[in-house]
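Read through the structure below, which is laid out as C-alpha cells, and then see the notes.
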Amino acid sequence: MVGYKSKVAEQIHLPSRTKRERALEEAGYNVFNLDSEDVFIDLLTDSGTGAMSDEQWAALFRGDEAYAGSRSFGELEDAVADVMGFSHVVPAHQGRGAENVLYGSLVEEGDVVPNNTHFDTTRAHIANQGADPVDCPVDDARDPAADGPFKGNTSLERARAVVEEHGPERVPVVVQTITNNSAAGQPVSVENSRAVREFADEIGASFVIDACRFAENAYFVTEREDEFADASVADVAREQLGLADAVVMSGKKDGLANAGGFVATDSDALYESCKQRAILYEGFPTYGGMAGRDIAAMAVGLREAVDEAYVADRVGQVQELADALESVGVPIYTPAGGHAVYLDAGAFLSHLEPEAFPGQALVCELYREGGVRGVELGSFAFPDTDRPELVRLALPRRTYHREHLEHVAETAAAVLERREDVSGLEIEEEPEMAEIRHFTATLEPTGSS
Ligand code: F0G
C-alpha cells in the first residue's frame, strides 16, 4: 500500500515518433545527450531525481545558510547519529565528493582496495590515489539467471586472495557497497558484513561501507535473513552500518535529496583528517559544498528513508516493474534489485555480438519505441570486462505510478516483438578516457557509415 499522495505535479509528454527518431539521431544514439523534455519516463538514474516530501520542502525554507556553525548541519548530525549511529559527519556536495575526502585520507599510492564491486566513481577515486581497486563479488553476481537472496555479498575468498597476493600492509581498507549497484542492485546480508568486519580486523584494515542505498538493503535483510525477520528496517540499518569504521554516502539516493553527501565515522583521527581534506575540496565542515537548506532537507530525508511503509513501497515498486516486464516475456536479471530492474540485453537481443553493443541498442529502442530512458551497463560502459550485457531501469523515489510502469512494460514488449530487426551500433567518436566513454561517446547504427 503506497504511503503517500501527490501534492505537486509536473507535466510530462511523449514526443511524436518522428521527434523521438530525430532526437535519438541528434544525440548520437547516446541517451545522455537527450534533453530531458524529450523523455517521457526517465529511468536513467535514481540519483537525485526523486520527489521530496512536504516535510523536506518545509525544511528547505528553514535552512540555515551560516558559513560556520549552521543549525541545519546540527540537524544532519542528529539524523546521522539516530539513523546510522555515527557521531562525526563530514558533509560533501555529493557521494563522489565524500569519496574523494575519505579515500584521500585512507589510501596511498601502491595500495590495493577490495570491494564487493566498485561503483565507477569509487573505482576512479581509488585509482586517482595511485591505488588498485579490486572487485570481489560472489560467483553468482554476474549471472543474470542465478537465484539467491544476497547476490551482492563480498566474496571473502576473493578478498583473502588479494591480501595473499599483495600482503596486508598494502590493504589499508576493505569496502562494501550496499546495495551493490554495479552488481544489479543486489543486497548484502548482515552476516556477510560481519564476516568482512572480522576479515578487516584480521588484516588490520579499516572497514568502509558505501551506504548510498543502505535503507533498501536493510529492507531486503528483514525480508530474507532469518535472524532479522522480526527486526525493523531502522534496527537493521544501524546494526549493519555499525559494523563499519566509516560510511561514505550519497544523499541523492537514500538521503532522499536532490543533492548532497557525507562521510560519517566514530573515529576521532579519521574525522580530523577527513575534515582537513574537506576544507580543501568541499568547504567548511559545517556545510561541505551544500547549501544549508539542502543539508536540512537531507537530514529529514535520512529519517524518512528508514520508515517501514516508505521503504516497503519503494522496493515493492521495483518488484512490480520486474513482474510487469517478466509477464510480457522480457528477460531480466533476477532477482530484481532495490533501486532498479536490470534487463538482460544479451538474451533480449541475442543476435547481436558484444561488439555491436546490444545493451546500448536496447536503450535506444526503448527510447524510440516509448520515450523511455534507461542506461547501458555492459560492453559500452565497461570496455574490456566480461560483464553481462545489462540495461538498468532505475526508478526515482516516490516519482512514478503504476501506469508509468505499465507503459515501460508495454514499450519493452513492443521492442521484443520486433527484436530481430534491431541492428547493432558502432562508436563514431569517443573521449580519451575509456572508463567514462558512455557519458559522452557518440554512436551510429552498424553499416551506416
Ligand atoms: N557509490 C555508489 C554505489 C553509487 O551508486 C554512486 C552514484 C556513488 C557512489 C556516487 O554518488 O552520484 O552522489 O556522486 N550512483 C549514481 C547512479 C550516479 O546512477 O547509480 P554521487
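For segment 68-140, what D do you get in µm² per second when you plug the Kirkwood radius from alpha-carbon pairs into Stokes-Einstein at 37 °C and 0.692 mPa s?
The Stokes-Einstein estimate is 234 µm²/s.
Could you quote the convex hull projected area for segment 1-72, Cα atoms only and averaged over all directions, in nm²?
Dividing the Cα hull surface by four gives the mean projection, 8.2 nm².
Considering the options PHE284, PHE86, GLY110, tell which one lies farthest towards the positive end of the dipole of the chain, charges being +1 on Lys and Arg and -1 on Asp and Glu at the Cβ, about the Cα centre.
The listed residue farthest towards the positive side: PHE284.
Past 25 Å, Cα to Cα: identify those pairs from LYS151/LYS253; LYS151/LYS275; LYS7/LYS252, in the order given.
Where the Cα-Cα span goes over 25 Å, the pairs concerned are LYS151/LYS275.
At a threshold of 8 angstrom on Cα-Cα distance, excluding pairs fewer than six apart, so keeping six or more, what relative contact order does the chain reach in percent?
Answer for the chain is 23 percent.
Which length gain, in nm to one decimal place, applies between GLU164 and LYS19 when the Cα-Cα distance is subtracted from 0.36 nm times their residue separation?
46.6 nm
Among 11-22, 133-144, what's the highest-first ranking by average C-beta atoms within 10 angstrom per residue?
133-144, 11-22
Using the alpha carbons of the chain, what is the convex hull volume per residue in cubic angstrom, as a whole number?
Hull volume normalised by residue count: 138 Å³.
Given the rule -39500 (n - 2.57) for each run of at least 4 DSSP H residues, summed and divided by the residues of the chain, what is its mean residue ellipticity at 222 nm, to the nearest 500 deg cm²/dmol?
-12500 deg cm²/dmol
How large, in Å, is segment 54-305 by the Kirkwood hydrodynamic radius built from its alpha-carbon pairs?
Answer for segment 54-305: a Kirkwood hydrodynamic radius of 18.0 Å.
Can you list the trypsin sites (Lys or Arg not before Pro) in segment 409-447 that are in a DSSP coil and have 15 or fewer other beta carbons within 10 angstrom?
Those that pass, being in a loop and sparsely packed, are ARG418.
Which residues' amide hydrogens lie under 5 Å from the amide hydrogen of VAL113, considering only partners 5 or more residues apart or on another chain, with H built in the peptide plane?
Here the answer is ASP132, VAL134, since their amide H atoms fall under 5 Å of that of VAL113.
How large is ³J(HN,Hα) for each residue in segment 332-337, as worked out from phi by the Karplus curve 6.51 cos²θ - 1.76 cosθ + 1.60 (θ = phi - 60°), to whole Hz, x for Gly and Pro?
Per-residue couplings from phi come out as 10, 5, 10, x, 5, x Hz.
Once you put a point 7 Å from the Cα of GLU355 and another 7 Å from the Cα of VAL2, both along the Cβ direction, what distance in nm separates them?
4.7 nm
For all pairs of alpha-carbon atoms in segment 60-205, what percent lies in each bin of width 5 Å, listed from the first bin to the last filled one?
In whole percents, the pair-distance histogram is 2, 9, 16, 18, 18, 15, 10, 7, 4, 2, 0.
Which helices count as membrane-span-like in the chain under these terms: full DSSP H, at least 24 Å along the axis by C-alpha, Kyte-Doolittle mean of -1.0 or more?
308-327
Which of rounded, prolate or oblate describes segment 234-300 when judged by the alpha-carbon gyration tensor and an a/c cut-off of 1.5?
Note, shape of segment 234-300 comes out oblate.
Counting other Cβ atoms within 10 Å, keep those with at most 15, restrict to DSSP loop, and tell me which GluC sites (Glu not before Pro) in segment 92-175 are left.
Passing sites in segment 92-175 are GLU108, GLU109.
In a Gaussian network model over the chain where Cα atoms closer than 10 Å are linked, find which of GLN276, GLN317, GLN186 has the largest mean-square fluctuation.
Taking springs between Cα atoms under 10 Å, the residue moving most is GLN276.
The numbers here are math on the coordinates, done by the rules we state, and not lab data. Please read these numbers as outputs of a predicted model, since none were measured by experiment. When we count neighbours, we look across all protein chains shown, and the Cβ atoms used for this are built from the backbone with ideal geometry, even at glycine.
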